[in-house]
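Written out below as structure tokens is the structure these notes cover.
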Amino acid sequence: MTFFALFNAAFAAEVSITSSDDINAAVNALSPGDTLIFSPGNYSLEGTEWTLIGQSDSPITLRAEAGAQFVIFPGDEGYPTAGIQLVDSSWVVLDGLELGGDSDWETGTFNGIIVTGGEDITVQNMVISDIPSSSILITGEARRVTIQDTRIRDTLVGSAIEVGCPDAACFTESIVVNHNWIHGINGESEPAIHLHHGTQGATIMDNVVYDVEQHGLYLGSAENGDMNIAEGNAIWNINGSGVVGRGNAMLRNNIIFNIVKHGIHFQDPGRDAYDQMIISFNSIVNTGGWGAYLNNWSGLSGNVLANNAICSPIAQSVHLVGLEEGENDTAFEPISPYVGHFISNNVLCGQLLNLDIDFGHYIVGDGFADFIDVEAWNLYPSETSQLRDAADVDGQSYIPEYDFNGVVRTGSNPEVGAYEWDGFENPGWAVQEGFKSFDLNYSTTNEVLGGGCCRTDDKTAEAALVLPLLFVAAYRRREERI
């Protein structure tokens, strides 16, 4: 520790204020290492704009005690841009604040928190509700901003979390969105988590996202920067698509189900940054559109589609699209979209286009019988599941170290999909409304529930149909892992 760090630590203050005190004056008086504690009460916010400069070992912390609630109200000139704005700040922690709109919030347009520029900022343990626009907006040349352990609900037109600037007008880097609970995102044109083009190196991990009017996640083009990663998320009841991708990204260990449109939808945004996509070890079930709709892979190389469990029996699984007729001067038929990519051991049920079982692109699944109970949101592999021991262990498939539950993946015979099979019942968190948990319970029973398919949508004759083999599943034994 340097002399200056010792000096700051020695003089760091912990100050408590009440709802009758001047918030701006108290915040602007903070120095590196200081903590401002908000006592229980209702705090009115008519717009703030703070520039706070902490240090790596002496951050500035704004922490709320239980019962402290912050409400955004209109001032003399109407609603503010946001309740809290951090501008060009660094080493700041917002902890435990409960932030919402006032009773007339539907007539106003404002954000909850805006982070403009700056770096090393953490937003954690918060509850943000009833915000018309985006609940949290990270914009400008911001870097290393973390949002974690926060519940965001009931937006009117905006996203829960919006990152970057439209059309890559800024480059926002190394954003972490970790272990949040997001629901009731009602904007018809805004996804729950929105990474604009130009967002680079973001990690979206272990979030619970449901009841969304538009898409669950939107991953814009990283503009040839570090890829964005979405891993270990549970996404369901989405009226758009579960995950929309527009550039290089990694999707692993995600559970995506009960989706009105596509489970995963990747399409070239025409920005010269549409390659190096890794889609592996996801479980995608019960989608109204395709489980995975992957467009314009022809002419690219290095994309991965491996070890995914994608199942909508008598519906649609994977549509891998190449160049369409008339898109170039030398070919007037679709070009094979899988040349130059790693496509292997996806367990599929439902229609598919442009995959070849003889090349090992997929394994015919047993429909919903591959999972314990799809109707009860339990997508853990059943005892006789085709997912068990079926993954391709080639390094190109990007095997995650852990599964959705946090169970270690085995290198020799991992499972296809988001879960490792580690007993007759799911030993981890049951998908449900609330924060994802990592507690494991190994007191399981031998009873395995099964289910058949229930979708009866009529499909086009041109597509291949992978029918679930509901009655020919082989019983396979496996030594218990330690």
Requested in this report: Tell me which residues, restricted to the stretch 158-178, are among the polar types (S, T, N, Q) and open to solvent by less than 10 Å² (accessible area, probe 1.4 Å).
Outcome: 159, 172
Report task. Spot the failing condition for residue 137; the list is (1) in a strand (DSSP E or B); (2) without any contact (Cβ under 8 Å) to a residue 40 or more places away in the chain; (3) over 14 Å from the mean Cα position of the chain (by Cα), and only one is missed. Result -> (2)
Query raised in the report: Has the stretch 179-202 got any residue that is outside any strand (DSSP E or B), among the polar types (S, T, N, Q) and buried (at least 20 other Cβ atoms within 10 Å of the Cβ)?
Result: yes
Query raised in the report: Does the stretch 395-402 include one or more residues that are open to solvent by 10 Å² or more (accessible area, probe 1.4 Å), in contact (Cβ under 8 Å) with a residue 60 or more places away in the chain and of a type in the set (D, E, K, R)?
Result: no
Query raised in the report: If we keep just the residues of the stretch 152-195 that are at pLDDT below 95 and among the charged types (D, E, K, R), which is nearest to residue 123 (Cα to Cα)?
Result: 154
Report task. Could you please let me know if residue 58 is touching a helix residue (DSSP H, G or I) at 6+ places or on another chain (Cβ under 6 Å), within 18 Å of residue 30 (Cα to Cα) and polar (S, T, N, Q)? Result -> yes
Requested in this report: Select, from 240, 270, 247, the only residue that is assigned to a loop (DSSP other than H, G, I, E, B), over 14 Å from the mean Cα position of the chain (by Cα) and modelled with pLDDT of 95 or more.
Outcome: 240
Query raised in the report: Inside the stretch 203-238, can you point out the residues that are under 28 Å from residue 270 (Cα atoms), touching a strand residue (DSSP E or B) at 6+ places or on another chain (Cβ under 8 Å) and surrounded by fewer than 22 Cβ atoms within 10 Å (Cβ to Cβ)?
Result: 203, 205, 213, 214, 223, 225, 226, 227, 229, 231
Requested in this report: Name the single residue, out of those in the stretch 36-81 being over 22 Å from residue 138 (Cβ atoms) and β-branched (Val, Ile, Thr), that is modelled with the highest pLDDT.
Outcome: 37
Report task. Please give the number of the condition residue 133 fails out of (1) out of contact with any Pro (no Cβ under 7 Å at 6 or more places or on another chain); (2) at pLDDT below 95; (3) surrounded by fewer than 20 Cβ atoms within 10 Å (Cβ to Cβ). Result -> (3)
Report task. Within the stretch 274-325, track down each residue that is under 27 Å from residue 224 (Cα atoms), in a loop (DSSP other than H, G, I, E, B), at pLDDT below 95 and not small (Gly, Ala, Ser). Result -> 274, 275, 276, 277, 295, 296, 297, 300, 303, 321, 323, 324
Query raised in the report: Taking residue 263, is it open to solvent by less than 10 Å² (accessible area, probe 1.4 Å), under 16 Å from residue 347 (Cβ atoms) and free of Cβ contacts under 8 Å to residues at least 60 places away in the same chain?
Result: yes
Query raised in the report: Does the stretch 357-373 contain any residue that is free of Cβ contacts under 8 Å to residues at least 12 places away in the same chain and open to solvent by 10 Å² or more (accessible area, probe 1.4 Å)?
Result: yes
Query raised in the report: Is one or more of the residues making up the stretch 82-94 open to solvent by 10 Å² or more (accessible area, probe 1.4 Å), modelled with pLDDT under 95 and touching a strand residue (DSSP E or B) at 6+ places or on another chain (Cβ under 9 Å)?
Result: no
Query - Residue in the stretch 347-391 that is farthest from residue 420 (Cα to Cα), counting only those that are among the β-branched types (Val, Ile, Thr) and touching a strand residue (DSSP E or B) at 6+ places or on another chain (Cβ under 9 Å) - result: 357
Query raised in the report: So which residues in the stretch 27-66 are charged (D, E, K, R) and open to solvent by 30 Å² or more (accessible area, probe 1.4 Å), if there are any at all?
Result: 46, 49, 57, 63, 65
Query raised in the report: Which of the residues that make up the stretch 407-445 are small (Gly, Ala, Ser) and crowded, with 18+ Cβ neighbours inside 10 Å?
Result: 417, 418, 423, 428
Query raised in the report: out of contact with any Ser or Thr (no Cβ under 6 Å at 6 or more places or on another chain), farther than 20 Å from residue 99 by Cα and among the acidic types (Asp, Glu) - does that describe any residue in the stretch 163-182?
Result: yes
Query - the stretch 8-23 - residue that is out of contact with any Pro (no Cβ under 6 Å at 6 or more places or on another chain), surrounded by 13 or more Cβ atoms within 10 Å (Cβ to Cβ) and in a helix (DSSP H, G or I) and, of those, modelled with the highest pLDDT - result: 23
Query raised in the report: Given the structure, is residue 95 touching a residue at least 24 places away in the same chain (Cβ under 8 Å), among the acidic types (Asp, Glu) and closer than 12 Å to residue 115 by Cβ?
Result: no
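The values are calculated or read from the model by the stated rules, or taken from the named source; none is laboratory data. It should be emphasised that the depicted structure is a prediction, and the values quoted were computed from it without experimental measurement. FYI the Cβ positions are ideal-geometry reconstructions off the backbone, even for glycines, and counts take in every protein chain you see. Remember, those area values only see protein heavy atoms, side chains included, never the ligands or the DNA or RNA. Shrake-Rupley method; radii C 1.70, N 1.55, O 1.52, S 1.80 Å.
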